[in-house]
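Only the coordinates and a few stated rules stand behind these numbers; no lab work does. What you see is a predicted model, and the numbers here were worked out from it, not measured in a lab. Note that we place each Cβ from the backbone using ideal geometry, even for glycine, and neighbour counts take in every protein chain shown.
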Amino acid sequence: MPQEHGNKVDVRWMSLSGQRKKVVFRANKLMECSASHFTANDLFNALHTNELEPRQEVVVNIDYKQRGLGTRSCGPHTLEKYQVKPGTYEFGYTIGIESGTGNKKTGHPLR
């Protein structure tokens, strides 16, 4: 069964470009992110890859951290260095839209 895919780690910024605009995501710390033409629900509901129909839009996921593989339910536990321990975490990022000339049009801090 497909699960999370395409996750990139230790990312400072990510950009997605179209014909006339570019969207830039910048983090205040290292982040994890992915971009896909499938939602998590699309992947969960598909039993085989031929059942997946790519969406026109791009689905962006931005995370502070994701737990590594392994749950000890049917195999080994996640290695200590890839576990996300209980606690309070703060994380921020901005989203900017740039025109084809590279001039920043907007920027909105989000939490």
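Ordered by the number of other Cβ atoms lying within 10 Å of each residue's own Cβ, fewest first, M31, M14 fall into the sequence M14, M31.
Rounded to the nearest 0.05, the FRET efficiency derived from the C-beta distance between R67 and E90 at R0 = 22 Å is 0.75.
The computed volume of the Cα convex hull per residue in Å³ for the structure shown corresponds, within (1) 103; (2) 151; (3) 125, to (3). Taking amide H atoms as placed 1.01 Å from N in the peptide plane, the amide H of G92 lies under 5 Å from those of N28, K29, each 5 or more residues away in sequence or on another chain. For V24 and C74, a Förster radius of 41 Å and the Cβ-Cβ distance give a FRET efficiency of 0.55, rounded to the nearest 0.05. When the Gaussian network model of the chain links Cα atoms closer than 10 Å, the mean-square fluctuations of T94, T71, T39 top out at T71. Taking θ as phi - 60° and the Karplus parameters 6.51, -1.76 and 1.60, the scalar couplings of the stretch 14-27 work out to 9, 10, 10, 10, x, 5, 10, 9, 9, 9, 10, 10, 10, 9 Hz in sequence order, x denoting glycine and proline.
Here the Karplus curve 6.51 cos²θ - 1.76 cosθ + 1.60, taken at θ = phi - 60°, turns the phi angles of the stretch 88-95 into couplings of 9, 10, 10, 8, x, 8, 10, 10 Hz, with x standing for Gly and Pro. Checking every one of the GluC sites (Glu not before Pro) in the stretch 28-83 against DSSP loop status and a limit of 13 other Cβ atoms within 10 Å picks out E57.
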